[in-house]
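**Student:** Pasting a structure here, questions to come.
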Amino acid sequence: MKLDALDKKLLNLVQTDFPIVSRPYKELAEKLNITEEEVLSRLKRLMDADIIRRLGGIFDSRKLGYRGTLCAMKVPADRVDEVAAVVNSYPGITHNYLREHEYNMWFTILADSPQKVEKILQEISTETGITDILNLPAERFFKVMVNFELNGV
Amino acid sequence: MLTELEKNIIKALQAGLPLVSRPFAQLGLQFGLAEEEMLNKVNELKQKGYLRRIGAALRHQRVGYVANAMVVWRVPEDRAKEVGEKLAQHPEVTHCYQRKTGKHWPYNLYTMIHKQTREECKALAEEMARSVGVADYRLLFSTRELKKSSMTYFAD
């Protein structure tokens with residue numbers, strides 16, 4: 001799907017500045033000089049095309065009592081899909097990427113206690129037979145930004 | 001402490017805001033809340049810091065950022081804070097964390113960078129390295145997204 005200038009403006013707005021008011025789409029429409037119906041139909045199109053993954057609440061997971069960690073695992077190349085199926089089955093594992101390194105499978109775990117993280121890692125290890133897993137909990141946060149400015153793209 | 005109602009509202013907002021003219025009125029229906037009460041609850045969650053904001057999460061590979069690298073840095077413990085703060089200032093860095101190290105894994109700072117090409121990622125990492133005077137770093141390019149989803153809070 002090709003994005004036009006209006007799509008990009010709309011994407012920038014909905015990433016950062018979504019109004020919490022009775023008719024938020026109308027307020028966005030006024031900023032863009034288009035109708036509320038057009039905002040709704042464009043957002044639907046962007047979601048159907050999976051450019052917008054989700055439009056909803058973005059929460060402070062720490063404040064909700066959850067702690068995150070990054071884990072890395074050495075997975076033989078011919079077992080990636082099978083091991084990913086085990087890893088991805090946990091709802092608290094929200095991101096999983098294959099990266100170019102000996103430790104090639106990198107995933108994040110969000111859980112409401114360190115014991116739960118340990119339990120998940122133990123289960124993954126038992127089920128896959130892979131014992132070399134790094135657990136790298138965050139000690140300091142310097143920046144967490146998930147917005148992408150689209151004008152220059 | 002969050003009430004059961006608040007937890008359920010968080011779950012609903014996490015699932016997504018309906019694409020209708022009055023989304024908060026529609027959300028309120030499932031909790032027996034009028035539109036205004038629903039808006040008050042959402043604003044309250046925001047004021048208390050549970051809700052950062054309502055917004056869209058994008059699949060960034062689809063909007064032009066095709067090279068994603070995690071750059072890991074080995075920084076002396078007593079410089080970690082200073083270096084982390086400096087690296088975080090680069091506008092191309094979306095995430096910057098200090099993490100515990102592992103047995104055979106000495107890297108303690110992590111930055112995520114997103115560019116159009118791998119070469120641009122490498123050049124940026126070099127520039128970042130120079131700016132903080134840290135030579136021990138590696139770029140781990142992502143080659144495949146195996147999972148990217150949103151968290152389900154209070155699922156159990």
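**Student:** Is the shape of the range B:60-141 rounded, prolate or oblate, going by the alpha carbon gyration tensor and its root eigenvalues a ≥ b ≥ c, with a/c under 1.5 for rounded and a/b larger than b/c for prolate?
**Tutor:** Prolate.
**Student:** Which aspartates and glutamates does B:LYS11 reach when only Cα atoms under 14 Å apart count, and residues fewer than 8 places away in its own chain are ignored?
**Tutor:** List returned: A:ASP60, B:ASP156.
**Student:** Any chance you could look up the accessible area of A:THR94 with a 1.4 Å probe, heavy atoms only, rounded to 10 Å²?
**Tutor:** Spelled out: A:THR94, probe radius 1.4 Å, area about 10 Å².
**Student:** Give me the number: length gained by fully extending A:SER22 to A:GLU123, i.e. 0.36 nm times residue separation minus the C-alpha to C-alpha distance, one decimal in nm.
**Tutor:** Difference between extended and current length: 31.8 nm.
**Student:** Could you pull the accessible area for B:ARG99 with a 1.4 Å probe, rounded to 10 Å²?
**Tutor:** Taking all protein chains as shown, B:ARG99 has close to 20 Å².
**Student:** For the range B:126-142 and the range B:89-114, compute the distance between their C-alpha centroids and round to whole Å.
**Tutor:** 10
**Student:** Now, a different point. Hull surface divided by four, with the convex hull built on the Cα atoms of chain B: how many nm²?
**Tutor:** 12.9
**Student:** Moving on to the next point. What residues qualify as long-range amide H neighbours of B:ARG53, i.e. H under 5 Å apart, gap of 5 or more or another chain, H built at 1.01 Å from N?
**Tutor:** Long-range HN contacts for B:ARG53: A:ILE58.
**Student:** Hey, another quick one. Interface A/B, total buried accessible area with a 1.4 Å probe, nearest 100 Å²?
**Tutor:** Chain pair A/B: roughly 7400 Å² of buried accessible area.
**Student:** Take every Cα pair under 8 Å in chain B that's 6+ residues apart, average their separations, divide by the length, and report that relative contact order as a whole percent.
**Tutor:** Relative contact order, chain B: 25 percent.
**Student:** Continuing with this model, one more query. Considering only protein heavy atoms and a 1.4 Å probe, what is the carbon-and-sulfur percentage of the accessible area of the range A:5-48?
**Tutor:** Here it works out to 50 percent.
**Student:** OK, next. Provide the per-residue ³J(HN,Hα) series for the range A:40-56, in order, calculated from phi with Karplus coefficients 6.51, -1.76, 1.60 and θ = phi - 60°, each as a whole number of Hz, with x at glycine and proline positions.
**Tutor:** Using θ = phi - 60°, the values come out as 4, 6, 5, 4, 4, 4, 5, 6, 4, 7, 6, 7, 8, 7, 6, 10, x Hz.
**Student:** So what's the convex hull volume per residue for the Cα atoms of the range B:4-47, in Å³?
**Tutor:** 67
**Student:** When only the heavy atoms of the protein chains count and the probe is 1.4 Å, how do B:HIS104, B:HIS95 rank by accessible area, highest first?
**Tutor:** B:HIS104, B:HIS95
**Student:** Next question. Using the Cα centre of the range B:73-149 as the reference point, and only Cβ charges (+1 on K/R, -1 on D/E), how large is the resulting charge dipole? Debye, rounded to the nearest 20.
**Tutor:** The dipole of the range B:73-149 has a size of about 420 debye.
**Student:** Quick one: what are the phi-derived ³J(HN,Hα) couplings along the range A:126-132, Karplus 6.51/-1.76/1.60 with θ = phi - 60°, whole Hz, x for glycine and proline?
**Tutor:** Whole-Hz 3J(HN,Hα) from phi for the range A:126-132: 5, 5, 9, x, 9, 9, 7.
**Student:** Now for a separate question. Points 7 angstrom from Cα along the Cβ direction at B:SER149 and A:THR131: gap in nanometres?
**Tutor:** Result: 3.0 nm between the two label points.
**Student:** Carbon and sulfur together cover what percent of the accessible area of chain B at a 1.4 Å probe radius?
**Tutor:** 48
**Student:** Taking the Cβ-Cβ separation of B:GLN89 and B:GLU126 as r and a Förster radius of 25 Å, what is the calculated FRET efficiency to the nearest 0.05?
**Tutor:** 0.90
**Student:** Please state the relative contact order of the range B:60-141 as a whole percent: Cα pairs under 8 Å, 6+ residues apart?
**Tutor:** Value for the range B:60-141: 44 percent.
**Student:** Note down the relative contact order for chain A as a percent, whole number, built from C-alpha pairs under 8 angstrom at least six residues apart.
**Tutor:** Value for chain A: 25 percent.
**Student:** To the nearest whole number, what is the average tally of beta carbon atoms from other chains within 10 Å of the beta carbons of peptide B:137-148?
**Tutor:** Across the residues of B:137-148, the mean count of other-chain Cβ atoms within 10 Å is 6.
**Student:** Residues of the range A:55-69 losing 50 Å² or more of accessible surface, assembly versus chain alone, probe 1.4 Å, please list them.
**Tutor:** Those are A:LEU55, A:ILE58, A:PHE59, A:ASP60, A:LYS63, A:LEU64, A:TYR66, which lose 50 Å² or more relative to the chain on its own.
**Student:** Just in the range B:1-54: which chymotrypsin sites (Phe, Trp or Tyr not before Pro) are loop by DSSP and have at most 16 other Cβ atoms within 10 Å?
**Tutor:** Counting only loop positions with at most 16 other Cβ atoms within 10 Å, the chymotrypsin sites (Phe, Trp or Tyr not before Pro) in the range B:1-54 are B:PHE31.
**Student:** Hey, got the average number of other protein chain Cβ atoms within 10 angstrom for residues in A:132-140?
**Tutor:** Other-chain Cβ atoms within 10 Å of each residue's Cβ, averaged: 6.
**Student:** Could you do me a favour and compute the accessible area per residue for the range B:4-47, 1.4 Å probe, result in Å²?
**Tutor:** Accessible surface, normalised per residue, equals 50 Å².
**Student:** Same structure again: Please name whichever of B:TYR97, B:PHE141, B:TYR50 sits farthest to the positive end of the charge dipole of the range B:1-143, dipole taken about the Cα centre and charges placed at Cβ: Lys and Arg +1, Asp and Glu -1.
**Tutor:** Comparing the listed Cα positions along the dipole, B:PHE141 ranks first.
**Student:** A further question on this structure: Got a sec? What order do B:GLU77, A:GLU139 fall in by accessible area at 1.4 Å, biggest, i.e. largest, first?
**Tutor:** B:GLU77, A:GLU139
**Student:** Here's something else I'd like to know. Could you tell me what fraction of 2.2 N^0.38 Å the Cα radius of gyration of the range A:67-137 comes to, as a two-decimal ratio?
**Tutor:** Normalised Cα radius of gyration, the range A:67-137: 0.99.
**Student:** Using a basic spin-label model with each label point 7 Å from the Cα along Cα→Cβ, how many nm lie between B:LYS11 and B:ALA34?
**Tutor:** With each label point 7 Å from Cα toward Cβ, the separation is 2.7 nm.
The values are calculated or read from the model by the stated rules, or taken from the named source; none is laboratory data. All of these numbers come straight from a predicted model, not from anything done at the bench. Every residue, glycine among them, receives a Cβ derived from its backbone with ideal geometry; neighbour counts consider all protein chains shown. Keep in mind that these areas ignore ligands, DNA and RNA; they rest on the heavy atoms of the full protein, side chains included. Shrake-Rupley method; radii C 1.70, N 1.55, O 1.52, S 1.80 Å.
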